[in-house]
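**Student:** Got a structure for you, questions after.
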Amino acid sequence: MNHLDASQFLTDQHFTTDVVIIGSGAGGGIAAEQLSNAGFKVLLLEEGAYYKREHFVMEERWAYPNLYQEGAARKTKDQAIGILQGRTVGGSTTVNWTTSIRTPQPTLDYWQAEFGLDFTVAHNLKPYFQFAEQRLNIKQWALAPNANNAKLEYGCQQLGWQYTVINRNVSHCANLGYCGMGCPIDAKQSMLVSTIPAALQKGARLISRLSVRKLVWQDDKIQSLEAVPVDAHFQPTAAVKVSITAKHYIVAAGAIGSPALLLRSKVPNPSGRLGKHTYLHPTVISGALFAEDINGHSGAPQSIYSDQFVWPADSSQLGYKLEVPPIHPVLMASKLIGMAEQHAELMKSFNQLQVTIALMRDGFHEQSQGGQVSLDQEQQPVLDYPITDYLWQGMRQALLSMAELQFAAGAKQVLPLHHDAKLYNSWAEAKAGIAQLSLTALRQTVVSAHVMGGCNMSASADKGVVNQNGRHHQLSNLSVFDGSILPTSLGANPQLTIYALVWKHCQHLIAELTPVLEDSSFRE
Ligand SMILES: Cc1cc2nc3c(=O)[nH]c(=O)nc-3n(C[C@H](O)[C@H](O)[C@H](O)COP(=O)(O)OP(=O)(O)OC[C@H]3O[C@@H](n4cnc5c(N)ncnc54)[C@H](O)[C@@H]3O)c2cc1C
């Protein structure tokens, strides 16, 4: 039996392994397969549950409390930004929307200039993008886009704006549209159905419902880790204690969970950057009512994007990427503005609603330095993300672009999701209305499904937490392999970047660890 559910442990437990991986999402999943293939004893730890396709009933009321951090209601400290993150075996990849995009070259160029990270020669990412694309069946979506995406495509065509058909990590996809609730037919090639079962097949062990609380370290080495099972609401309990000793420790708990664990462990932090510079692609939303049905709950959730505004000619301006989200009733009702009858009226038009989103490319400007993860009294993470004037200005521009696009695509009315906005009847009316909106926290709806940074890579130890191979700058047997190592946001959806980086980092780790682990004195 290579899966254990920690909530069933009745007594304290101790495990020993070659490599322990904390978190089973994009980073943890790739690492588990790579290291198991290389012959290492791998122990994969996950605070979420081990749910599989038979549990995925395509209902929001089940999915959000069971598959998402904080029941899909995670927010920044001032409540101004809603954050979607997975918390289940497979992490966010189990619930994500399958868009798979390579790291944009301008982002890699920026990392080289600012953080000394050279991903061209020895660390060339290209082969690793190809490996990941092959492993996860990442291919351009061949079916017609659903109406929600088709409006984005048509609006771009009308305005002469750039757009691209999205590559997705799916196999035999039935075009259901419920990716965010876990794929009920295993079509999505998440970590849950690809790398994790392959690793288990190779002898890796998985412990679910186990929350890692602390890394115990001395001098330049992690000695052990301490963990506890979670309760039925996925909160850490003190029922029993679990300790684990490994030769190497990989933290892959996501860009809020990883910095939080390292902060709880009080690891060395001479750069002062641990938990800082957390990026979100802060996202603003524009609804549009069409005469015909859009049914945005049905069909591949994301199949078209537009990069028309991601890399503005004036590099001091904030860039943003245009996409659409899946439109499901609970998700939408919680983001739609207005109260009582006004809200109910909008929800009545739910099936005619098209929704466009603009993802801000944060982290490339002095006024866009991201957020900071700290710990609350229960030692749980809190993300403070101040929205600067620079970001608000970019968001206003993005609201204007989305309204222009939606009217060009034939919308009858457009509604930016802002508490003071109204349904605008024409592009001219929207333009005037959006210019007047006071863009402030809690009046403007802002969301994120892309959490990045907090343990950033850097060539030199004074500019980051880990090096170009994801190895901690100070602790020799610690790696961080997840979205937290990204030095900025990407200007593209992050999963493929994380897969490729972690795949590459694993090759380096395997080469380094193999001789150490062949020394039988380590193995019991
Ligand atoms: C709804 C949604 C849609 C998305 N759509 C897309 C998309 O279409 N394309 C794309 O590229 N990206 C998308 N993303 C983002 C993408 O999935 C993430 O960027 C990526 O999965 C992050 O990988 P990660 O390894 O950093 O963290 P995650 O995949 O989030 O995994 C981290 C795991 O660590 C676990 N963990 C945390 N703390 C602990 C602890 N103390 N002990 C044990 N376990 C712990 C968590 O429960 C979680 O399972 C989406 C995300 C969401 C939520």
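The values are calculated or read from the model by the stated rules, or taken from the named source; none is laboratory data. Computed from a predicted structure; not experimentally measured. With ideal geometry, Cβ positions are generated from the backbone for all residues, glycine too; neighbour counts draw on all protein chains shown. Protein only, heavy atoms only, side chains kept; ligands, DNA and RNA dropped before computing areas. Shrake-Rupley method; radii C 1.70, N 1.55, O 1.52, S 1.80 Å.
**Student:** Of 413, 433, 364, which is farthest along the charge dipole of segment 316-457 in the positive direction, counting Lys and Arg as +1 and Asp and Glu as -1 at C-beta?
**Tutor:** About the Cα centre, the residue reaching furthest to the positive side is 413.
**Student:** With an 8 Å Cα cut-off and a minimum separation of 6 or more residues, compute the relative contact order for the chain in percent.
**Tutor:** 23
**Student:** Please work out the Kirkwood hydrodynamic radius for segment 18-92, using every pair of different C-alpha atoms, and report it in angstroms with one decimal place.
**Tutor:** After inverting the pairwise mean of 1/r, the radius is 13.7 Å.
**Student:** Pairs to check: 348/431; 52/221; 75/266; 139/463. Give those whose C-alpha atoms are more than 32 Å from each other in this structure.
**Tutor:** Among 348/431; 52/221; 75/266; 139/463, the Cα-Cα distance tops 32 Å for 52/221; 139/463.
**Student:** Report the calculated FRET efficiency for residue 379 and residue 52 (r = Cβ-Cβ distance, R0 = 25 Å), to the nearest 0.05.
**Tutor:** Rounded to the nearest 0.05, the efficiency is 0.25.
**Student:** Of all the accessible heavy-atom surface of segment 23-152, with the other protein chains kept in place and a 1.4 Å probe, what percent is carbon and sulfur?
**Tutor:** Exposed carbon and sulfur together represent 50 percent of the surface.
**Student:** Convert 20 °C to kelvin, take the viscosity as 1.002 mPa s, use the Kirkwood radius over C-alpha pairs of segment 453-524 as Rh, and evaluate the Stokes-Einstein diffusion coefficient in µm²/s, rounded to a whole number.
**Tutor:** The diffusion coefficient I find is 163 µm²/s.
**Student:** Moving on to the next point. Might you report the magnitude of the Cβ-based charge dipole of segment 162-273 about its Cα centre, with Lys and Arg at +1 and Asp and Glu at -1, to the nearest 20 debye?
**Tutor:** The calculation lands at about 160 debye.
**Student:** Would you work out the charge dipole size for the chain about its Cα centre, treating the Cβ of every Lys and Arg as +1 and the Cβ of every Asp and Glu as -1, and quote it to the nearest 20 debye?
**Tutor:** With only Lys, Arg, Asp and Glu charged at Cβ, the dipole is about 340 debye.
**Student:** Please identify the trypsin sites (Lys or Arg not before Pro) of segment 445-524 that satisfy two criteria: DSSP loop assignment and at most 14 other Cβ atoms within 10 Å. Which are they?
**Tutor:** For trypsin sites (Lys or Arg not before Pro) across segment 445-524 that sit outside H, G, I, E and B with at most 14 neighbouring Cβ atoms in 10 Å, the list reads 523.
**Student:** Another one. Could you state, as a whole-number percent, how many of the C-alpha pairs of segment 348-394 are farther apart than 11 Å?
**Tutor:** Beyond 11 Å sits 76 percent of the P(r) for segment 348-394.
**Student:** In addition: Over segment 280-330, give the accessible area per residue in Å² for a 1.4 Å probe, as an integer.
**Tutor:** 28
**Student:** I'd like the per residue volume of the convex hull spanned by the Cα atoms of segment 71-127, given in cubic angstrom.
**Tutor:** Taking only Cα atoms, segment 71-127 has a hull volume of 161 Å³ per residue.
**Student:** May I pose another question? With a probe of 1.4 Å, find how much accessible area segment 427-503 has per residue, and write the answer as a whole number in Å².
**Tutor:** Per-residue value: 25 Å².
**Student:** At 1.002 mPa s and 20 °C, plugging the Kirkwood radius over alpha-carbon pairs of segment 235-372 into Stokes-Einstein gives what diffusion coefficient in µm²/s?
**Tutor:** 112
**Student:** Roughly speaking, what is the stretch gain from residue 459 to residue 313, that is 0.36 nm per residue apart minus the C-alpha to C-alpha distance, in nm to one decimal?
**Tutor:** Gain in length upon complete extension: 49.7 nm.
**Student:** Calculate, in nm to one decimal, what residue 347 and residue 419 gain on full extension: separation in residues at 0.36 nm each, minus their alpha carbon distance.
**Tutor:** The span from residue 347 to residue 419 would gain 24.3 nm if fully extended.
**Student:** How much FRET efficiency would the formula 1/(1 + (r/R0)^6) give for residue 16 and residue 429, where r is the Cβ-Cβ distance and R0 is 60 Å, rounded to 0.05?
**Tutor:** Efficiency at R0 = 60 Å is approximately 0.35.
**Student:** For segment 86-201, what is the accessible area per residue in Å² when the probe is 1.4 Å?
**Tutor:** That works out to 40 Å² for each residue.
**Student:** Pairing the Cα long axis of helix 254-264 with the longest principal axis of the chain, what angle in degrees results, from 0 to 90 and rounded to the nearest 10?
**Tutor:** 50
**Student:** Just want the answer: with Cβ charges of +1 for Lys and Arg and -1 for Asp and Glu, which residue in 479, 43, 217 is farthest toward the dipole's positive end in the chain?
**Tutor:** Looking along the dipole axis, the top candidate is 43.
**Student:** A further question on this structure: What is the spin-label model distance, in nm, from residue 174 to residue 134 if the labels are put 7 Å beyond Cα along the C-beta direction?
**Tutor:** 3.1
**Student:** Rounded to whole Å and sorted largest first, list the principal axis extents of the Cα atoms in segment 129-232.
**Tutor:** Sorted largest first, the three principal extents are 61, 34, 31 Å.
**Student:** Report, please, the projected area of segment 38-140 averaged over directions, based on the convex hull of its C-alpha atoms, in nm².
**Tutor:** Orientation-averaged projected area of the Cα hull: 10.6 nm².
**Student:** For a quick check of your reading of the filter: which trypsin sites (Lys or Arg not before Pro) in segment 212-283 sit in a DSSP loop and have no more than 13 other Cβ atoms within 10 Å?
**Tutor:** Hits after loop and neighbour filter: 266.
**Student:** Give me the percent of accessible area attributable to carbon and sulfur for segment 342-460, probe 1.4 angstrom.
**Tutor:** Roughly 47 percent, rounded to a whole number.
**Student:** Relative to the longest principal axis of the C-alpha atoms of the chain, give the angle of the C-alpha long axis of helix 495-518, reported between 0 and 90° and rounded to the nearest 10°.
**Tutor:** 0
**Student:** Here is a further query. So if each residue of separation counts as 0.36 nm, and I subtract the Cα-Cα distance between residue 367 and residue 121, what length gain in nm does that give?
**Tutor:** 85.4 nm
**Student:** Take the alpha-carbon centre of segment 220-258, take the same for segment 383-425, and report the distance between them in whole Å.
**Tutor:** Using only Cα atoms, the two centres lie 41 Å from each other.
**Student:** Using every alpha carbon pair in the chain, what percent of pairs falls into each 20 Å bin from 0 up to the bin containing the largest distance?
**Tutor:** 24, 57, 18, 1
**Student:** Roughly speaking, to the nearest percent, how much of segment 182-258's 1.4 Å accessible area is carbon and sulfur?
**Tutor:** Reported share for carbon and sulfur atoms: 48 percent.
**Student:** List the residues of segment 109-124 whose backbone N lies under 18 Å from a point placed 7 Å from the Cα of residue 388 along the Cα-to-Cβ direction.
**Tutor:** 110-111, 114-115
**Student:** A follow-up question, please. Taking the Cα-to-Cβ direction at residue 334 and at residue 233 and moving 7 Å from each Cα, how far apart do the two end points lie in nm?
**Tutor:** The answer from the label model is 1.5 nm.
**Student:** Here is a further query. Once Rh is set to the Kirkwood radius over Cα pairs, what Stokes-Einstein translational diffusion coefficient, in µm²/s, holds for segment 395-524 at a temperature of 4 °C and a viscosity of 1.567 mPa s?
**Tutor:** 70
**Student:** Which percent, nearest 5, of DSSP beta bridges in the chain are antiparallel?
**Tutor:** Within the chain, antiparallel bridges account for around 65 percent of the total.
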